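Q: Quick one: structure below, then a few questions.
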Amino acid sequence: MTSLLSVDPAAVFDSGRLIAMPTETVYGLAAPINRPDLVARIFELKGRPASNPLIVHVGSTEQARGCVREWPALAQHLAERFWPGPLTLVLPKANHISDVITAGQGTVALRMPDHPVALAILRVSPAPLVAPSANLFTRLSPTRAEDVSAVFDSADVEVVDGGPCRVGIESTIIGLDPATKTLRWLRPGLISQADIRAEMPADWRLELPPAGQEAAPDAPGQMREHYRPIKSLTVVVSERPASAIFASATGEEASWVVLPLPEDAAAAARQLYQALRQADQADGERIGLRLPPGCRDDPAWEGVLNRLAKAATDWRDECDPVS
Ligand code: AMP
Ligand code: MG
């Protein structure tokens, strides 16, 4: 048992409870892959549809290799380059990985989180851990321990506090098809397409979803409504210099609650869900989010724009929501 841990993961799982663990992306609701009862409990507590597969979190590359049928040299290379870190690799699954975890697919998603507490939990856990975001299905992902405690009962979930999440949005996901040497861009995150291309051998190719479309066919969890605040959210790409979030009951500028959002994409990602949470809790009926001009052409914003495309009820370009 490491001093980073205030809990004994095996004892928590033995008692039939889940662990909410901090990672660098968001807090995850964790259960060992070899505990079907606890894996089922994740779907139940989150209200997550069975068609939405879970990411398996590992504490070592060796553990990842134990979950797959094939581990191509490129998977080893990407793991060495980006793990621990916010990159999920989807590969043909080993037989012992259950259909419940993969939502019936022949592939499994794998990631080694870059957080000392998550790694400490993984090191002492009886098996790799599935760990989807520790929130209710379609709602905002949690980036602080108190976001999790506000939703789940301590009788069901042991929340381990590891401070605020450094990345703040979910991992980049890529699918590796060793048969066709194809990499599929399934979900954008902090690790960009350019980061991945820089590591690809010449005989592999990166397949992007058709412009303007979700990566839906290969990523069943990528439904449109996701990452949602409770209030309606209007996103605008605004010429106004400051990006800001406001909530307003009357629509009058004087009544807005304005929360500054950084113009830097990584910093904005780190604060995004907290800002939406604050706006949800403020007075008023709706939320507006201003993004800086040029964000659509800047690859660093891809992850944030992807989450907002699912979270927003309305998008307006070049027009302020209240002007
Ligand atoms: P999260 O809800 O952030 O834990 O991420 C889980 C997401 O990973 C799912 O919603 C899917 O989009 C993706 N995913 C997990 N397993 C697979 C898989 N076998 N194939 C494709 N995408 C997957
Ligand atoms: Mg989630």
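Q: Which of 112, 200 comes first, and how do the rest follow, when ranked by fewest Cβ neighbours within 10 Å?
A: Details: 112 24, 200 15.
Fewest to most other Cβ atoms nearby, the residues stand as 200, 112.
Q: Would you list 42, 169 from fewest to most Cβ contacts within 10 Å? If you can, show how the numbers build up before the last one.
A: Values: 42 22, 169 26.
By the 10 Å Cβ count, ascending, the order reads 42, 169.
Q: How would you rank 96, 77, 226, 115, going from fewest to most other Cβ atoms within 10 Å of each one's own Cβ?
A: Working: 96 10, 77 13, 226 20, 115 23.
By the 10 Å Cβ count, ascending, the order reads 96, 77, 226, 115.
Q: How big is D, in µm² s⁻¹, for the chain by Stokes-Einstein at 25 °C and 0.890 mPa s if Rh is the Kirkwood radius over C-alpha pairs? Provide the component values of the computation, followed by the final result.
A: Values: Rh = 20.2 Å.
Diffusion coefficient, whole number: 121 µm²/s.
Q: Of 32, 121, 140, which is farthest along the charge dipole of the chain in the positive direction, counting Lys and Arg as +1 and Asp and Glu as -1 at C-beta?
A: So the residue we want is 32.
Q: Angle between the Cα long axis of helix 36-46 and the longest principal axis of the chain, 0 to 90 degrees, nearest 10?
A: 0 degrees
Q: Just to be sure I understand: with springs between alpha-carbon atoms less than 10 Å apart, which residue in 260, 22, 164 has the highest mean-square fluctuation in the Gaussian network model of the chain?
A: With Cα springs under 10 Å in the chain, the top fluctuation among 260, 22, 164 is at 260.
Q: Then there is this: Please identify, among 303, 284, 59, the residue showing maximal mean-square fluctuation in a Gaussian network model of the chain using a 10 angstrom Cα cutoff.
A: 284
Q: Could you please report the charge total around residue 149, scoring K, R as +1 and D, E as -1 over all other residues with beta-carbon less than 14 angstrom from its beta-carbon?
A: Values: positive: 17, 144, 277; negative: 146, 147, 153, 156, 158, 161.
Net of charged neighbours comes to -3.
Q: Springs between alpha-carbon pairs under 10 angstrom, Gaussian network model over the chain: which of 238, 15, 171 fluctuates most?
A: 15
Q: Right, something else. How high is the relative contact order of segment 62-199? Use alpha-carbon pairs under 8 Å, at least six apart in sequence, and give a whole percent. Show your work: numbers first, answer last.
A: Working: 169 pairs, mean separation 32.8, N = 138.
That works out to 24 percent.
Q: Helix-only mean residue ellipticity at 222 nm, the chain, DSSP H runs n ≥ 4 weighted -39,500 (n - 2.57), per residue, nearest 500. What is it? Intermediate values should be presented prior to the final figure.
A: Working: 10 runs with 82 residues, N = 323.
It comes out at -7000 deg cm²/dmol, rounded to the nearest 500.
Here, each number is a calculation from the coordinates, and none is a lab measurement. Bear in mind that the values here come from a model prediction, so they are computed numbers and not experimental data. Counting neighbours? That spans all protein chains shown, and the Cβs are built from the backbone with ideal geometry, glycine included.
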